[in-house]
Structure formats: C-alpha cells, structure tokens
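Below: the structure, in structure tokens.
The values are calculated or read from the model by the stated rules, or taken from the named source; none is laboratory data. This structure is a prediction, so every number in the text was calculated from the model and none was measured. Cβ atoms come from the backbone with ideal geometry, glycine included; neighbour counts cover every protein chain shown.
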Amino acid sequence: MKILYLILFVSVSFNVQAAAPTVPSSNLSFNAIDGGYFNLGWTAGNGSRRLIICKAGGPVTFVPQNGVDYTENTIFGSGQQVAPGEYVIYDHFSTSFFLTGLTPATQYFFRIYDYNGTGAAIEYLTNVFLSGSATTSATPTVQTSNAVFTTITTNSVNLTWTNGNGFRRLIVVREGAPVNTDPVSNQQYNVSSQFGNGATTGPGNYTVYNSTGTGTNVANLRPGTQYFFAFYEFNGSSQPQYLTPAYTTSVTTRSIPTVASSNLVISKTDGKELSLNWTNGNGQRRIVVAKQGSNISANPANGTDYNANPVFGSGQQLGAGEYVVYDDNFNATTISGLNPATTYYFKIFEYDGTGSNTAYLTSSFASVNGPTAVTPTIQAANLTAGDITSNSLRLQFSSGNGRTRTIIGRKDAPVSVTPADFTLYTADANFGNGQDLGNGNFVLGNSTGELINIHNLQPNSSYHFAVFEYNGFNQPLYLSPATTVSATTSFALPVKLVKWEATPANGKVKLQWITASEVNASHFVIERSADGMSYTLVATVQAAGNSTTDIQYSKEDANPLAGKSYYRLKMVDLDGKTEYSTVRTVIISASAVIRLAANPVQDKLELIASAVNDRSEWQIINAAGQAVSKGTVSNGRTEINVAGLRPGNYWVTLVMNNEVQALAFVKL
C-alpha cells in the first residue's frame, strides 16, 4: 500500500504547472543595425525566460501554447517555424543578443513572450507581450558628388566632396587607369590615406578613405602621375551596403613647381651677415644655396632632401663651396658666419614633396649677389658744437661714406675709446644714459642724419665728442680715427628745475614742471619737435621770478603731433640768458607703445608697454631672424627671462592689431 501512495505522489508532483508571468518585457531597442544583422536589447519582465518570434515583411501572429517547448536559432530561418514565415529566434533568460542571417533593406517584426517553467509545466504570458520592428541597412540612393582637389603637390592631394545620402563613404584610388573593381557589399575594407597601404577591391585598386566626413588628404603618390578616384556611398558597418556605380574623377600630381621665386634682394648688409627677401614661387617650399666669391653651378637633385643651416659652411653642399643655407616656406632669411668685405652669391630653388618624392624647379630660379659690409673710407667731417646752454648742445657734421655713424661723448677729457668692429652699442642722447664703453665714454647716438642734440650735461663743464662712420647693422665695421670736437657748457641759470614731464592723455599732452628755486627768472618756453632736431614754439609761461620754495607749473598741448614727438622746456632769465631741460618723448597713437627699462641686459629684459590688449604678443628675434622666445605682454612692466640666450644682438617685437613694433637690445 505504501508503494502505491508513493507512485501516486510522484505522479501528481510531475503534473504541477508553473505560474504564468504577470509582467511582460519592455523597451525593445536595436543597438546595432547592419545589412545582415540586428543587435536586440530589452528590459526583462518577471518571467524566468522569454521566447522571441520573428517574421520578415509583416507582423508576427503566432501565440505559443502552454506546456510546449520551441526550438530556437539566432540565425533567422534556422529556428522552428511556428507559422508561415514566423521563426523562433530566441529562448533564454538574457536581455540581448545578435540576430543574423537577415536580408538587407528588409523590415523584420518581433514578439517577445515571457514565461515560467519548463517542458509540460511551461506557462506563457500571452495576453500581453512586447513587440516591435526594425529594418536592416539599405543601399543608399544618392551617390557622392562634386569632388574638388584643393591642393595638388608632387606626392599628395587634398580633396573635398559633397556627401550623398549614405551613412559613410568608401574611396578607392587607382594609379594610371580608372578603378575597375567595385567593393563587395557585406565586406569591410581596411583603408589608409597612404596610397598603396590600404586594402584592395581588386588589383591596384586601393582603399584610401572610409568615414563620414567631406574631405581628406591622400599621400604617397608619385610626381606627374594621373590617379583615378571612385566614391561609394554605403550604409551599415561590418556588413556595409555599397551604392554602385561609383562617382568617379581623376587628378594628376605635379611633376615640379612651375613658378620660380622672384624679386630676390639683399635687404640688409652687415659685417658677417646678409639678409635676403624675395617673392615666393608656387613650390611647397624652397632652398637657398650660397657660395663665396663666384656663381653657383650645381643644381639640387630630385628625390633628395638637403640639410640646411643659416651659418654659412654648416649646411649640406650641392657642389664645392655651395652650401644650403635655408629650407622652408617663408620669404626671408639671414645668413651668418660670413667674412667682411666679401661677395656672396645666392640662388633659390622652388620644390615640392619630401624624401624620394622631392622635385625641384631648376630651369628657372631667383639669384642675387652682393658683398658683406666694408669699413667706410671717408670719415664724418666739419664737426661743430652749437646752441650751447648750461645742460645741452647741438652737434652738427657732414656725413662720410658710411651707412650711419656712432657718436661718443666724454666729460672733461677727450674720447679715449674706439668702438669694436662687429659690436653694436646702445645709444642715448641724454649724456650718461647710453652704453658706457669705460672711463666715462658714453654712446650718445647711432645716427643716419647729420646732427644730434645732446642733453643732461653739467653747467660750465668741458665735453669732448667723437664721430665714427660705420657700415652694417648688427655687426658694424667702424672707421677710425674719429672726427672730434669739444665744447664747454654755459653757467646754469638761477632756476633749479626738479621735475619736467610730458604725458599723453586723451589725445592731448600734459606738460608739468616744478622749480625748487628761482632768481630773476623771466619765463618758460615750451618747444616741440617732430624729429628731435628742429623745435617750434608751443607755449610761453610766465615765471614766478624769485622763489625759494617749490613752484608747480602746467600747460597742455591740445593739438599734439601724431606719432612720436619731442618736448623740451626753455628757461629764460631776465637778462636774456637761456637754459634747456632734458627732452621728453611722447607718442600719440592708437597703437601700443613699448620701451625698454634697461639696455644691455643680462638675465631679465623689462618691457614697458601701454595701450596693449589681451592678444598682444611679444617675440624675441635673434640675429638670424628667428623667433627664439615669445609670450603675452601686459600694460605696464613685463619681465622676460633672457638668461638662456647667448650673448649678442636681438630684437624684442610687439605684435598687436597687425602692427609690429621692434626695439633692439644687447644680451650680455
């Protein structure tokens, strides 16, 4: 009897049905759609598993029966067919999978049934379920068009185009003949913008682009060769559907540049340097070749890159003594390491390409020759001192045959130094502020004119002056002995001037001065000059006459000169004697104004600027014309670290609003 009860119990237990789910799956999504597959995802209901039915071209109608297992396969058409064209594609507890074996450009419909249990105990949730549809990638209908080659060189081309209505596009290139093999749908191709490195659709048909953009660059081409391009719009990713026939076009790379550089001139002649300017031809770049003493005979060889160096003799040689001194795409350079008073010959060759693809234009070129600076042979003459006051005087002379001249002054003794060749000195017409060459020999001017006003002198003192002609700019050659003259300043007027300022403000110039004492003072005359040489009357101000306390004076120049101007104060005594103040410089301009706090410098260069904006940039330029440092300048003082620069001559430039201001300085 016990055995009978046990059999009945087991029998009843195996026929207990699972409970049907109550919440269906939701949020059907297609995370990847391609020509032959989908990636489906969803949020699971409260069934332990779910059954998915799929049909192509129309909605699913099949409803599963409780207690029945169905055979699934994620390859469409391979699972159990439960209704005409309706296949079981999934039976699992997960929430995503890939469905493959699909046909491009076809809509597929889905139903997802949650269920519990297994075998005869299966209970499906069928009164509610998740359904949806998606379409596999279709071949685009509008092809790429309007390809334009924007830059053509010997070994590369830039191109742009108008996209069709595909998600992406494939570009195939063939050398010497049209592309003759189309890409195969459902097949991916690895591409490379370096022609010959990408996958091929057929022999010689290389893929160079596969993306969503509207432009690219194709390189690794050969000079003077025709290349044929075929564009294919496509949809999909790993199973792309390509639109054929392709949109086609072609381009021929340049064999060599066709326009040589021109207008080559020697723009600056120095003792050991020559600066060149020219107009570029139509090459990507150009080399400059230099030779001492005779014309250049060698030509650059195609397929060769040359090492250039602006120091003559340090670059690669084309021929004996023929050195490459420049290789870039700019239109100016400075060549250093030259010998004084020596003629050098230059040629510029345009070229395209790099490495083995380099192609030079040698049938035409720009050329020029000229000597480095020579020492002048005729010294300045007729040196005289005039307009002598207690603190200023004017030197006037006749120029020799140098490009310019250096004026050196010394108090109480003749000038005892000769400027050193290849050295440029910092000058200031306020005695004592220019570069001190030792023993009180101060540089007062580097002038191309024939007169200079010297200020900041001591009353009733003897001053000696020497004028040296020189040629060059940064590496001058001086002629000695100098032309000399001496003069004695007059006694000081009994007016003690403790302050004298000229300040631009709102388009005007405010003039202010303070006297600490006055004895028999008559009046003050404000004078203005455009060149620092010839002065005209601005205003006359009556003096207090006699005073032992500070007296403040002010006047305004309501109509100042545009640009740079110079102001000085003339003090006149009752007996007609006169004395001049130091000269103040004012710049009236919408542009920034810069000056140096000191020159020469050692570790720090202090740049003083006004009226600059937040996009103003300073640069330090070396003697070769190369920018060696740069940064942003601000109003007021900007400290620039120059400790790492080699000693020598430099420029600091301020670039603002497409204008460039430059100041020379010497790094010690």
Completion exercise
The residue that is modelled with the lowest pLDDT, considering only those in segment 564-606 that are more than 35 Å from the chain's Cα centre (by Cα) and basic (Lys, Arg), is Lys577
Fill in the blank from the handout: Residues in segment 277-321 that are more than 17 Å from Thr154 (Cα to Cα), in contact with a Pro (Cβ under 8 Å, 6 or more places away or on another chain) and touching a residue at least 60 places away in the same chain (Cβ under 8 Å) total 1
Practice task
Pick out the one residue from Thr136, Thr153, Thr118 that is in contact with a helix residue (DSSP H, G or I) (Cβ under 9 Å, 6 or more places away or on another chain) and at negative phi.
Solution key: Thr153
Exercise for the section: Within segment 392-429, track down each residue that is among the β-branched types (Val, Ile, Thr) and under 28 Å from Lys570 (Cβ atoms). Expected result: Ile407, Ile408
Handout entry: Lone qualifier among Asn31, Asn15, Asn66 - being within 30 Å of Ser237 (Cα to Cα) and either surrounded by 15 or more Cβ atoms within 10 Å (Cβ to Cβ) or modelled with pLDDT under 95 (or both)
Key = Asn31
Handout entry: Residue ID - farthest from the chain's Cα centre (by Cα), chosen from residues in segment 335-361 that are aliphatic (A, V, I, L, M) and crowded, with 19+ Cβ neighbours inside 10 Å
Key = Leu338
Problem - Boolean, Ser131 is touching a strand residue (DSSP E or B) at 6+ places or on another chain (Cβ under 8 Å), touching a residue at least 24 places away in the same chain (Cβ under 8 Å), part of a strand (DSSP E or B) and farther than 30 Å from Asp352 by Cα - result: yes
Practice task
Check whether at least one residue in segment 394-412 is part of a loop (DSSP other than H, G, I, E, B) and of a type in the set (A, V, I, L, M), and report yes or no.
Solution key: no
Practice task
Can you give me the number of residues within segment 92-135 that are of a type in the set (Asp, Glu) and at pLDDT below 95?
Solution key: 0
Exercise for the section: Hey, can you tell me all the residues within segment 295-348 that are aliphatic (A, V, I, L, M) and either outside any loop (DSSP other than H, G, I, E, B) or touching a helix residue (DSSP H, G or I) at 6+ places or on another chain (Cβ under 8 Å) (or both)? Expected result: Val311, Leu318, Val324, Val325, Ala332, Ile335, Ile348
Problem - Matching option when the condition is part of a loop (DSSP other than H, G, I, E, B) and either loosely packed, with under 14 Cβ neighbours inside 10 Å or over 35 Å from the mean Cα position of the chain (by Cα) (or both), among Val148, Val191, Val179 - result: Val179
Handout entry: Wholly within segment 458-569, strands (runs of 3 or more DSSP E) carrying at least 3 residues that are under 30 Å from Ala380 (Cα atoms)
Key = 462-471, 483-488, 521-529
Handout entry: Only one of Ser78, Ser29 that is in a loop (DSSP other than H, G, I, E, B), of a type in the set (Gly, Ala, Ser) and free of Cβ contacts under 8 Å to residues at least 40 places away in the same chain
Key = Ser78
Completion exercise
When every residue in segment 480-510 that is among the aliphatic types (A, V, I, L, M) and under 43 Å from the mean Cα position of the chain (by Cα) is compared, the one modelled with the lowest pLDDT is Ala505
Problem - Any hit, segment 91-99, residues being in contact with a Gly (Cβ under 8 Å, 6 or more places away or on another chain), under 23 Å from Ile122 (Cα atoms) and surrounded by 15 or more Cβ atoms within 10 Å (Cβ to Cβ) - result: no
